[in-house]
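Engineer: Sharing a structure with you now.
The values are calculated or read from the model by the stated rules, or taken from the named source; none is laboratory data. Just so it is clear, the model here is predicted, and its values are computed rather than measured. As a convention, Cβ positions derive from the backbone with ideal geometry for all residues, glycine included, and neighbour counts pool all protein chains shown.
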């Protein structure tokens with residue numbers, strides 16, 4: 001399940017050519033899987049790049065940009081991952097049911 005289109009992914013990354021399509025597609029698949037997993041039971045199995053809610057697509061693009069920018073050729077600060085997930089959590093809290101205590 002891919003939660004965003006390749007065209008939108010390339011737009012978010014500023015990739016204008018087709019030379020990097022395979023790489024962008026790979027990171028898009030990874031970002032989609034991470035967001036889908038994060039959503040857990042709240043994710044809908046039939047979501048795709050056309051039917052996923054806008055906020056889910058926004059979170060997918062945020063994760064995509066992070067994965068693409070930090071491909072292992074640099075060292076991110078220790079709290080970088082935490083900040084990315086905090087941002088994604090704030091986006092997706094609108095699409096998740098609140099936990100019951």
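Engineer: What are the residue pairs meeting all of these: first residue in region 75-91, first residue part of a loop (DSSP other than H, G, I, E, B), second residue modelled with pLDDT of 80 or more, Cβ atoms under 8 Å, and 6 or more apart or on different chains?
Structural biologist: 76/70
Engineer: Right, here's the next one. Return yes when residue 86 is farther than 19 Å from residue 11 by Cα and either out of contact with any strand residue (DSSP E or B) (no Cβ under 6 Å at 6 or more places or on another chain) or exposed (fewer than 12 other Cβ atoms within 10 Å of the Cβ) (or both) and no when it is not.
Structural biologist: For residue 86, the condition - farther than 19 Å from residue 11 by Cα and either out of contact with any strand residue (DSSP E or B) (no Cβ under 6 Å at 6 or more places or on another chain) or exposed (fewer than 12 other Cβ atoms within 10 Å of the Cβ) (or both) - is met.
Engineer: Just checking, how many residues over region 20-33 are without any contact (Cβ under 8 Å) to a residue 40 or more places away in the chain and either crowded, with 19+ Cβ neighbours inside 10 Å or touching a strand residue (DSSP E or B) at 6+ places or on another chain (Cβ under 6 Å) (or both)?
Structural biologist: Total satisfying the criteria: 3.
Engineer: Please identify the pairs in which a residue from region 1-19 that is touching a residue at least 60 places away in the same chain (Cβ under 8 Å) has its Cβ atom under 8 Å from the Cβ atom of a residue that is part of a helix (DSSP H, G or I) and surrounded by 14 or more Cβ atoms within 10 Å (Cβ to Cβ), counting only partners at least 6 apart or on another chain.
Structural biologist: Within 8 Å, the pairs are 4/28; 4/31; 4/32; 4/57; 4/60; 4/61; 4/64.
Engineer: Hey, another quick one. In the list 46, 5, 51, 60, which residue meets the criterion of being modelled with pLDDT of 90 or more and in contact with a helix residue (DSSP H, G or I) (Cβ under 6 Å, 6 or more places away or on another chain)?
Structural biologist: On the way: 46 fails: in contact with a helix residue (DSSP H, G or I) (Cβ under 6 Å, 6 or more places away or on another chain); 5 fails: in contact with a helix residue (DSSP H, G or I) (Cβ under 6 Å, 6 or more places away or on another chain); 51 fails: in contact with a helix residue (DSSP H, G or I) (Cβ under 6 Å, 6 or more places away or on another chain).
Just a single option satisfies the conditions, and that option is 60.
Engineer: Residues being part of a helix (DSSP H, G or I) and free of Cβ contacts under 8 Å to residues at least 24 places away in the same chain: count how many of those fall in region 41-52. If you could, list the steps in order and put the result at the bottom.
Structural biologist: Our first condition is that a residue be part of a helix (DSSP H, G or I); within region 41-52, this holds for 41-42.
With the extra rule that they be free of Cβ contacts under 8 Å to residues at least 24 places away in the same chain, the set shrinks to 41.
Residues meeting the conditions: 1.
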